[in-house]
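The values are calculated or read from the model by the stated rules, or taken from the named source; none is laboratory data. Given the structure is predicted, the values throughout are model-derived calculations rather than measurements. Glycine gets a Cβ as well: all are built from the backbone with ideal geometry, and neighbour counts include every protein chain shown. Accessible surface is based on the protein model in full, side chains and every heavy atom, while ligands, DNA and RNA are left aside. Shrake-Rupley method; radii C 1.70, N 1.55, O 1.52, S 1.80 Å.
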Amino acid sequence: MSQFAHSARASAPASIGNVGVGFDVLGLAFDAVRDRVHAHRLEEAGKVELGTVSGLVDNLPTQVDRNCALAAAKAVLDAADNPIGVRLDVHKGVPLSAGMGGSAASAVAAAGAVNALMGSPFSADEILVHAMEGERVSADPPPWDNVMAAVHGGLVLAARLDPPVIRPLPLPEGLSCVLFHPDRKINTQDARDLLAPVTDRQIAIEHSRNLASFVAGCTTGDLDLIRAGLKDILIEPQRLPLLPELAEVKLAAMHAGALGCSFSGSGPSVFAWCDSSKLDAVRTAMATAFEQSGCQADCYNAPLQSRGLIIETEPVALRA
């Protein structure tokens, strides 16, 4: 087994699923906080176990089928025919049940660390597929948006799922993203269960118009198109009862110059895009709206061109 490393570290960022208008189609990396995984080689082939847990939490499930990082690690090992086992130390920097891609960050970091441990036999797109098995712990079937953003960084489009066609999209220069995480928790599966099984035709037409405008605006740098398209008339109204304060926060953000504002993923976090010169004004307006509603919220911000999966140290190999 001397061809395999003794340990490897990787990290993956928070992410914004849907990016408002792109339900299950768009994902945006949000490198304000990260999950980090340190993978240690075990001699028992196929064994996957949890080591230390640190950061925002000090314990996580030890069962593979209940832990996003462990499930992703197992998927990578299975795909490589289980040549080794692994123990994972997990540092949680991304809040859980926050709409910030906490499960995806753990899954992607774990898949990346285990891949590095074995000499990186899998490509980024293959790591994405394996990390999806970690995301499946959070929601089944697993949505792609947070995972693909955490792998690739930036804004990512899922053009097709089977077989996958996943593509990063260009982003305009000079824009920032601000996100507020209210003191609430929303389970991804519960938020998906709220959604109606059918959609009114006119809403579907307007939603398609918005999505097309937003993607075209991002790829051409046309801020007017982004402003016209960055609005969610399909999913956000159905999830508004989960965070009634969103209406006032969104209004405040738009009055302060935001290009758009909506739920991050399934919520309760709320994000806004704005010109970087207006970041302070938008952030202050959103913070004031949350405060006036009596809802405590933590604030984060990051550039749109956030990094994705990072192998944080060179794997340390054992001597033959």
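Cα gyration tensor of region 20-73, axes a ≥ b ≥ c as square roots of the eigenvalues: rounded (a/c below 1.5), prolate (a/b > b/c) or oblate? Prolate, since a/c reaches 1.5 and a/b exceeds b/c. Extending each Cα 7 Å along its Cβ direction at Asp280 and Thr220, get the distance between those two points in nm, one decimal. Once both label points are built, they end up 3.4 nm from each other. Between the Cα long axis of helix 246-255 and the first principal axis of the chain there is an angle of about 70°, rounded to the nearest 10.
Length available on full extension from Leu56 to Asp190: 0.36 nm per residue minus the Cα-Cα distance, which gives 46.0 nm. Relative to the longest principal axis of the Cα atoms of the chain, helix 124-135 runs at roughly 80 degrees. Averaging 1/r over each pair of different alpha-carbon atoms in region 217-320 and inverting the result gives 15.6 Å, the Kirkwood hydrodynamic radius.
Select from Thr313, Leu240, Pro172 the residue farthest towards the positive end of the dipole of the chain; place +1 on Cβ of Lys and Arg, -1 on Cβ of Asp and Glu, and compute about the Cα centre. It is Thr313, whose Cα lies furthest towards the positive end. Taking one quarter of the surface of the C-alpha convex hull of the chain gives a mean projected area of 15.7 nm².
The distance from the alpha carbon centre of region 237-273 to that of region 43-109 is 31 Å, rounded to a whole number. The share of accessible area on the chain that comes from carbon and sulfur is 51 percent, using a 1.4 angstrom probe.
Sparse packing (at most 11 other Cβ atoms within 10 Å of the Cβ) combined with a DSSP loop state is found for the following GluC sites (Glu not before Pro) in region 42-92: Glu43, Glu44. Taken about its Cα centre, the chain carries a charge dipole of about 200 debye when Lys and Arg each add +1 at the Cβ and Asp and Glu each add -1 at the Cβ.
For region 135-236, what does the alpha-carbon gyration tensor say about shape, rounded, prolate or oblate, given a ≥ b ≥ c as the root eigenvalues, a/c under 1.5 as rounded, and a/b over b/c as prolate? Rounded shape, in that the Cα axes give a/c under 1.5. Gyration tensor over the Cα atoms of region 1-137: the corresponding equivalent ellipsoid has semi-axes (square roots of 5 times the eigenvalues, largest first) of 24, 16, 12 Å.
If R₀ is 22 angstrom, what is the calculated FRET efficiency for the pair Thr313 and Ala45, using the beta carbon separation as r and rounding to 0.05? FRET efficiency, Thr313 to Ala45: 0.35. Ordered from highest to lowest accessible area with the whole protein assembly present and a 1.4 Å probe, Asp232, Asp280, Asp81 read as Asp81, Asp280, Asp232. Each stretch of four or more DSSP H residues adds -39500 (n - 2.57); spread over every residue of the chain, this sum gives -10500 deg cm²/dmol at 222 nm.
What the chain shows is 42 Å² of accessible area per residue, with the surface traced by a 1.4 Å probe over protein heavy atoms. Extension gain, Glu173-Ile205: 0.36 nm per intervening residue step, less the Cα-Cα distance, totals 8.6 nm.
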